[in-house]
1. Can you tell me which residue is nearest to ALA60 (Cα to Cα) among those in the range 1-40 that are hydroxyl-bearing (Ser, Thr, Tyr) and in contact (Cβ under 8 Å) with a residue 12 or more places away in the chain?
2. Residue by residue through the range 51-87, note down the ones that are aliphatic (A, V, I, L, M), closer than 22 Å to MET8 by Cα and open to solvent by less than 100 Å² (accessible area, probe 1.4 Å).
3. Name the single residue, out of those in the range 1-50 being assigned to a loop (DSSP other than H, G, I, E, B) and within 12 Å of the chain's Cα centre (by Cα), that is surrounded by the fewest Cβ atoms within 10 Å (Cβ to Cβ).
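The values are calculated or read from the model by the stated rules, or taken from the named source; none is laboratory data. In this text, all values refer to a predicted model and were calculated from it rather than measured experimentally. Note that each Cβ is placed from the backbone with ideal geometry, even for glycine, and that neighbours are counted across all protein chains shown. For the accessible areas, the whole protein counts, side chains as well, though only heavy atoms, and no ligand, DNA or RNA atoms are used. Shrake-Rupley method; radii C 1.70, N 1.55, O 1.52, S 1.80 Å.
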Amino acid sequence: MDYVYDYMFHLLNQYAKLLNFKPSMPPNAVELCSEAMACPAKGVWKRFMLDSLEDSPSNAAPCTLPPSYDPPSFKAFLKEKHKAIETVET
């Protein structure tokens, strides 16, 4: 759960690069802080909202993917997976 917000920020940033319009803020827009949204909530909802608030941005990269498989190890992985499925089915 710690990296969900970082990952979503990364996805939205990448998606925003594909868009070709310039967003603009309406003249009567009001900025809300996340605490203002959590304040009217009561009980479990309020606790959940306060627990899920982001304290500060992370210094880590949004996600790190493992390196891709080389063909022999990928075939071994698929073979092991197939064997496990066969074991469960029989």
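1. TYR3
2. LEU53, ALA60, ALA61
3. Going through the qualifying residues, I end up with MET1.
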